[in-house]
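The values are calculated or read from the model by the stated rules, or taken from the named source; none is laboratory data. These numbers were taken from a predicted model, which means no experiment stands behind them. Cβ coordinates were reconstructed from backbone atoms using ideal geometry, including for glycine residues, and neighbour counts include every protein chain displayed. The accessibility values were calculated without ligands, DNA or RNA, using every heavy atom of the protein model including side chains. Shrake-Rupley method; radii C 1.70, N 1.55, O 1.52, S 1.80 Å.
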Amino acid sequence: MFTAVLVLFAAISITRLIITIQGEGVEEATIWIAAVIVLVICAIVIAVVLGRARGLAAHVEKQRPGAHVVPAFTTAETVDQAQAAGAAASGMMPMGGSPVALAVSGDVVEVWLGRETQPRWVVRRTPGGARSTSGSYGARVITALEVTDGNAAVTVVPAYRPLRATGGKVGEDVERAVREIAVA
């Protein structure tokens, strides 16, 4: 839906720009040019973030063949959880939104960031350890996934549908991640 609205806005803006320039409305054309530039910048930023999320999941699948990978974005809580687990929080935005991937293998859930060759930290899988919770994501509190073993934890926004996840619209993705972590 978001992509369709962006495309529609771009088409209307370009059409409006052409009509305005032909009618010698240069001042109005400047406003439309600025709007189109902002739209293009937003589209590029979204494409880069989505590409990083998909690329990270693919990287983890190569590093851990056979593991079940849950693509996600960090929450504000993830930074504190990394530090509590003795892991570096570098590369994670303090307000959430950084691409992350969870590799579920055997009795552990590994937390991966960037193109690293090893996970940042590990959370042991325990019965009931994966659950739906609230997480700080930007300026909002949204439904998130928490995996905890009582000692280590990670709270993320599942990104099976990364475009929706960037906006915090996870829908049933949290429950899907809970189920997949429980049975993987």
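Each principal axis of the Cα atoms in the range 113-184 has its own extent, and those three values, largest first, are 29, 29, 22 angstrom.
Seen against the Cα atoms of the chain and their longest principal axis, helix 2-22 is set at about 20 degrees.
Measuring with a 1.4 angstrom probe and ignoring ligands and nucleic acids, VAL38 comes out at about 90 Å² accessible. Scoring 172-181, 99-108, 42-51 by mean Cβ neighbours within 10 Å over their residues and listing the highest first yields 99-108, 172-181, 42-51. In the range 78-124, Rg over Rh equals 0.94, where Rg is the alpha-carbon radius of gyration and Rh the Kirkwood radius from pairwise Cα distances.
Please sort 81-89, 140-148 by packing, taking for each peptide the average over its residues of neighbouring beta carbons within 10 angstrom, highest first. Please list the in-between numbers first.
Numbers: 81-89: 16.2, 140-148: 20.4.
In descending order of packing, they fall as 140-148, 81-89.
If you look at the Cα atoms of the range 36-141, you get an Rg and a Dmax of 14.7, 51 Å.
Would you please calculate the Kirkwood hydrodynamic radius of the chain over all C-alpha pairs and express it in Å, rounded to one decimal? Present the calculation step by step, with values, prior to reporting the outcome.
Numbers: mean 1/r = 0.0563 Å⁻¹.
This gives a value of 17.8 Å.
How high is the relative contact order of the range 17-149, in percent, counting Cα pairs under 8 Å that sit 6 or more residues apart? Relative contact order of the range 17-149: 18 percent.
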